[in-house]
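Working notes, structure below.
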């Protein structure tokens, strides 16, 4: 059995086993139990009462976190020449098309999000084997394939994230950083969960939000009472 570190021991009794906290309480507590020396990510795991194997129960969407993600998002915009200046003005870190497609084929993937246009998808499609496994493939459903690339870049830079339920019926996503205030974490988490609620499939039966947990990098999970979400 592994031993607890000094820092882990200091917060071990802060979370009551089996207790479901309100979202506000959990947003404050997750900062208390975070002992990493770096700016840890604040993550949420939401187990849904859906069957992801059925197309009509797939839950996928996007949400713009009101307080941002707390991290710098590196955006590549693959677009036509006439849209390059607009994408750069919106804050895209890399802008172009053919030269970046060649770089990706060569193994370059030093980016977090790729935004492109429908007219460019013919060239980007073959990159699926590079981008797909890393979750970087542009998709119209996530807003990363659009005619208005400048708007998409701005939204991503401001805190827009996309999420998707996995095979086990769980949605996992980062909703901030431990350097944020408890109120900022609460605001982001509340918006994230409410977006999931709004996407509830009409065919989903029984309890939709089965369980919600919040944690930071290397911290224990804190159980949240779904009824406490505003």
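For residue 29, the requirement of being outside the structural domain of residue 116 (by TED's automatic domain parsing), under 20 Å from residue 159 (Cβ atoms) and crowded, with 17+ Cβ neighbours inside 10 Å is not met. Applying the condition of being over 23 Å from residue 52 (Cα atoms) and touching a helix residue (DSSP H, G or I) at 6+ places or on another chain (Cβ under 8 Å) to segment 161-179 and asking which residue is surrounded by the most Cβ atoms within 10 Å (Cβ to Cβ) yields 176. Checking segment 133-146 against the condition returns a match, with at least one residue being modelled with pLDDT under 95 and farther than 24 Å from residue 84 by Cα. Among the numbered conditions (1) surrounded by fewer than 19 Cβ atoms within 10 Å (Cβ to Cβ); (2) touching a residue at least 12 places away in the same chain (Cβ under 8 Å); (3) closer than 30 Å to residue 50 by Cα, the only one that residue 129 does not meet is (2). Tell me whether segment 151-160 contains one or more residues that are more than 23 Å from residue 44 (Cα to Cα) and part of a strand (DSSP E or B). The answer is no, given that none of the residues of segment 151-160 is more than 23 Å from residue 44 (Cα to Cα) and part of a strand (DSSP E or B). Among residues of segment 110-120 being surrounded by 15 or more Cβ atoms within 10 Å (Cβ to Cβ) and free of Cβ contacts under 8 Å to residues at least 40 places away in the same chain, the one that is farthest from residue 159 (Cα to Cα) is 117.
Annotation: of all residues in segment 197-230 being touching a strand residue (DSSP E or B) at 6+ places or on another chain (Cβ under 8 Å) and within 14 Å of residue 174 (Cα to Cα), the one that is surrounded by the fewest Cβ atoms within 10 Å (Cβ to Cβ) is 217.
The values are calculated or read from the model by the stated rules, or taken from the named source; none is laboratory data. On a predicted model such as this, the values are computed, not experimentally measured, just so you know. Because the Cβ atoms are built from the backbone with ideal geometry, glycine has one as well, and the counts that use them run over all protein chains shown.
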